[in-house]
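Inspection log for the structure reproduced underneath, given as structure tokens.
The values are calculated or read from the model by the stated rules, or taken from the named source; none is laboratory data. On a predicted model such as this, the values are computed, not experimentally measured, just so you know. Virtual Cβ from ideal backbone geometry, glycine too; neighbours counted across all protein chains shown. These area figures cover heavy atoms from the full protein model, side chains too; ligands, DNA and RNA do not enter into them. Shrake-Rupley method; radii C 1.70, N 1.55, O 1.52, S 1.80 Å.
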Amino acid sequence: ASRRTSRCRRSLEGYHADSPLPCGGADLEPGEATVAQNFRCQIVTPSAEVFDGEVTYVDLPAWDGQIGVMASRSPLLVELGAGILRLDTADGGVRSYVLREGFAQMDDDCLTLLTEVAEPVESIDLAEAEQSLASANADLASNASGRPRSPEAIEEIAKRQRIAMQRIAAARARGPRR
């Protein structure tokens, strides 16, 4: 059985019948528009399935920038970068997570995200995230051995900085925890 919801129609109040139809809906009557279709989204980490549910839109952090995903998207396989994942759920809610690398695959209206970590934004402690950034900055600035660092070591510190900055931005955007 398909988990995809059927196409719905609704009236647009104040919409003029002689205006171009929204959403390119050639088969719609004037004054009607399509409602977003749902698709399944799963977030899986090595330790748990973090989310499995119906969504209308996903904004995910690919390695080279944000990608928006909606139902009926063509197949996709992309490497994830550290960043903020936003899910617009089918019930009208929004869930956000900070991801740390991985992969995303869209196939047959099912988006699966395999990631090292998916931290819910509401659980981020701003002070702890700021301390993580300070620690990464201090590690970059200090060099106790006096020898040049390997590119891998520098990249690892840069990765810690990026993740800490994403966590700080997400916590600040969320506002004070309740």
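For the reader, a short list of remarks on this structure follows.
- Residue 100 contributes an accessible area of around 60 Å² to the protein surface, as traced by a 1.4 Å probe with all chains present.
- For region 75-96 versus region 97-117, the gap between their alpha-carbon centres in whole angstrom: 8
- Radius 12 Å from Cβ of residue 61, net charge of other residues (Lys, Arg +1; Asp, Glu -1): -1
- Here the ratio of the Cα radius of gyration of region 27-178 to 2.2 N^0.38 Å is 1.24.
- Estimated distance in nm for a label pair at residue 72 and residue 125, the labels positioned 7 Å out from Cα along Cα-to-Cβ: 4.7
- Counting only protein heavy atoms and using a 1.4 Å probe, the accessible area of residue 52 comes to about 60 Å².
- Other residues with beta-carbon under 12 Å from the beta-carbon of residue 169 carry, at +1 per Lys or Arg and -1 per Asp or Glu, a net charge of +3.
- Label point distance in nm, residue 159-residue 137, each placed 7 Å from Cα along Cα→Cβ: 2.2
- Förster-model FRET efficiency, 25 Å R0, residue 147 and residue 79, C-beta, rounded to 0.05: 0.20
- Protein accessible area in region 98-139, 1.4 Å probe - carbon and sulfur %: 51
- Pairs of Cα atoms nearer than 8 Å and 6+ residues apart set the relative contact order; for region 35-178 it is 21 percent.
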